[in-house]
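Let me begin by handing over the structure; questions about it come next.
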C-alpha cells in the first residue's frame, strides 16, 4: 500500500489524503529534520538497524485516510488544474 508521510497541519493532511486518495501519515515527533539526522547517524554507527528505523510501526503516527469519493477528488483536482493554468497568464501583467 502506498502512503504519504508528512508533518503538515491536520487540515492540510486530510485534504492531501482526499485528493491523492492514499493514506497520509503524520509522525508524532514533527521536527523531522532533527530526527532524520539523528537516525541517519545512529544507522551509520550501527546503533539502530535500518529495519527498525524504517518500520512503519517504529513511531507513533496519526493516519489520515481518504474520506472523499474518487469522483469528487478528480473533480476537485480538475478545478485546481484549471486555476493553475489560468494563473500562468498573470505573469504577463507584471510588465
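The values are calculated or read from the model by the stated rules, or taken from the named source; none is laboratory data. If you're wondering where the values come from, they're calculated on a predicted model, not measured in any experiment. Glycine also receives a Cβ, built like all others from the backbone with ideal geometry; neighbour counts cover every protein chain displayed.
Cβ-Cβ below 6 Å, separation at least six or inter-chain, first residue in region 19-36 and touching a residue at least 12 places away in the same chain (Cβ under 8 Å) and at positive phi, second surrounded by 11 or more Cβ atoms within 10 Å (Cβ to Cβ) and not in a helix (DSSP H, G or I): which pairs?
That search, which allows pairs on different chains as well, returns 21/66.
Does residue 8 satisfy the criteria of being modelled with pLDDT of 90 or more, closer than 28 Å to residue 80 by Cα and outside any strand (DSSP E or B)?
no
Still on this structure, I have one more. Does residue 20 satisfy being in contact with a strand residue (DSSP E or B) (Cβ under 9 Å, 6 or more places away or on another chain) and at pLDDT below 90?
yes
Do we have residue 2 as outside any helix (DSSP H, G or I) and modelled with pLDDT under 75 here?
Yes, satisfied.
Same structure, new question: Going by the conditions given, is residue 63 at pLDDT below 90 and farther than 23 Å from residue 22 by Cα?
no
For region 23-52, which residues satisfy the criterion of being modelled with pLDDT of 85 or more, more than 12 Å from the chain's Cα centre (by Cα) and either in a loop (DSSP other than H, G, I, E, B) or closer than 30 Å to residue 79 by Cβ (or both)?
45, 46, 47, 48, 49
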